[in-house]
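A.B. asks: Let me begin by handing over the structure; questions about it come next.
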Amino acid sequence: MASNQLISILVLVVTLFLQGNNNNVVDAQLTTNFYSTSCPNLLSTVQTAVKSAVRSEARMGGSILRLFFHDCFVNGCDGSILLDDTSSFTGEQNANPNRNSARGFNVIDNIKSAVEKACPGVVSCADILAIAARDSVVALGGPNWNVKVGRRDARTASQAAANSNIPGPTSSLSQLISSFSAVGLSTRDMVALSGAHTIGQARCTSFRARIYNETNINAAFATTRQRTCPRATGSGDGNLAPLDVTTAASFDNNYFKNLVAQKGLLHSDQELFNGGSTDSIVRGYSNSPSSFSSDFTAAMIKMGDISPLTGSSGEIRKMCGRTN
């Protein structure tokens, strides 16, 4: 009898322990109001800084959005891309997808500085980047959404993972689908998120092969791009061209209209509309701005949920470029 009572007590203790752990798991999930009391002016602080940066240089909107993509695709949305290299630490900024192209770090640093003054030691750099990415889209006329926050910052980074996980400009459709699938994003998510290329610019090195060697490209478009991107490697490598030739500084659905017209700047862009399984999605977005907007925001929220550090994991960095 006593042994039965002891078993019952043990079962109850284990059950309560598991329930407690489950509650902690639930509490550790990202929420839209995580900082509502601990840093009530966070959203307005970030928005003001992003608006100012984008007003000074429209391209910065695309750069910040790209930083968020490249952060989330490497071990989750943990702010690891923001860590600077040191004599004893190799980060992600000089990985192939980021070297000479990732930018906007100074904007995030400035926002972090302003947020630290308002709420010291409270808000992660990972969350600041997530909010700034949303505000960049809005600043350029794109859709708004509620950003889930509560992430903590990574204490480490992985250049190797950045080199292997971030889809590049020469990716095939199957490689794109596979890269996004590896982080839990569907093919439709991938096409919608590719629509981020409605803003921003690319370096000649990333589209040279396409404008000189590929046939599924509008001839006049290729000729125009060739004027500022010479055929010879090493000549004009850093020259820029808009990813969306129609409205480079507006977040809209013209990127998809360009693909239908074979005016995708990158090989990976045109792969989305090249007789493959995603043609119908591209055509749908080209005909319906609202469809693109709703799918893009849903995919951004989904991407922001990739492997966040929460609870006692990671840290809240005092400065985004280095660990505490």
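A.B. asks: Give me the percent of the accessible area of segment 205-285 that comes from carbon and sulfur atoms, probe 1.4 Å, all protein chains in place.
C.D. replies: With neighbouring chains kept in place, the figure for segment 205-285 is 49 percent.
A.B. asks: Using Cα springs under 10 Å in a Gaussian network model of the chain, which residue among 203, 151, 227 shows the largest mean-square fluctuation?
C.D. replies: Highest fluctuation among the options: 227.
A.B. asks: Next up: Which ³J(HN,Hα) values, rounded to whole Hz and listed in residue order, are derived for segment 151-159 from phi using the Karplus coefficients 6.51, -1.76 and 1.60 in 6.51 cos²θ - 1.76 cosθ + 1.60 with θ = phi - 60°, glycine and proline given as x?
C.D. replies: Each residue of segment 151-159 in turn: 6, 10, 8, 5, 9, 9, 8, 9, 5 Hz.
A.B. asks: Can you give me the distance in nm between label points at residue 213 and residue 302, each placed 7 Å from the Cα along the Cα-to-Cβ direction?
C.D. replies: Those two pseudo-labels are separated by 3.2 nm.
A.B. asks: So what's the Cα pair-distance distribution over segment 212-274, bin width 10 Å, in %?
C.D. replies: Going out from 0 Å in 10 Å bins, segment 212-274 shows 22, 52, 25, 1 percent.
A.B. asks: Is segment 104-173 rounded, prolate or oblate when judged by the Cα gyration tensor, a ≥ b ≥ c being the square roots of its eigenvalues, rounded requiring a/c under 1.5 and prolate requiring a/b larger than b/c?
C.D. replies: oblate
A.B. asks: Still on this model: Would you look at the GNM of the chain, springs on alpha carbons closer than 10 Å, and say which of 114, 162, 139 moves the most?
C.D. replies: 114
A.B. asks: Given H placed 1.01 Å from N in the peptide plane, which residues other than close sequence neighbours of residue 202 have an amide H under 5 Å from its amide H?
C.D. replies: Placed amide hydrogens put 241, 243 under 5 Å from residue 202.
A.B. asks: List the residues, sorted by chain then number, that are 5 or more residues from residue 309 or on another chain and whose placed amide H is less than 5 Å from its amide H.
C.D. replies: 152
A.B. asks: For the chain, go through all pairs of different Cα atoms, get the mean of 1/r, take its inverse, and jot down that Kirkwood value in Å.
C.D. replies: Hydrodynamic radius (Kirkwood, Cα only) of the chain equals 20.9 Å.
A.B. asks: So what J values fall out for segment 271-280 if you push phi through Karplus, 6.51 cos²θ - 1.76 cosθ + 1.60 with θ = phi - 60°, rounded to Hz, Gly and Pro as x?
C.D. replies: 4, 6, 9, 8, x, x, 5, 9, 3, 5
A.B. asks: Using 0.36 nm per residue, how much length does the chain from residue 187 to residue 294 gain when fully extended, once their Cα-Cα distance is taken away?
C.D. replies: 37.0 nm
A.B. asks: Give the lysines whose C-alpha is closer than 19 Å to that of residue 148, dropping any in the same chain fewer than 8 places away, or say none.
C.D. replies: Result set, ordered by chain and number: 112, 302.
The values are calculated or read from the model by the stated rules, or taken from the named source; none is laboratory data. It should be emphasised that the depicted structure is a prediction, and the values quoted were computed from it without experimental measurement. Backbone-built Cβ (ideal geometry, glycine too); neighbour counts: all protein chains shown. Areas reflect the complete protein model, heavy atoms only, side chains present, ligands, DNA and RNA absent. Shrake-Rupley method; radii C 1.70, N 1.55, O 1.52, S 1.80 Å.
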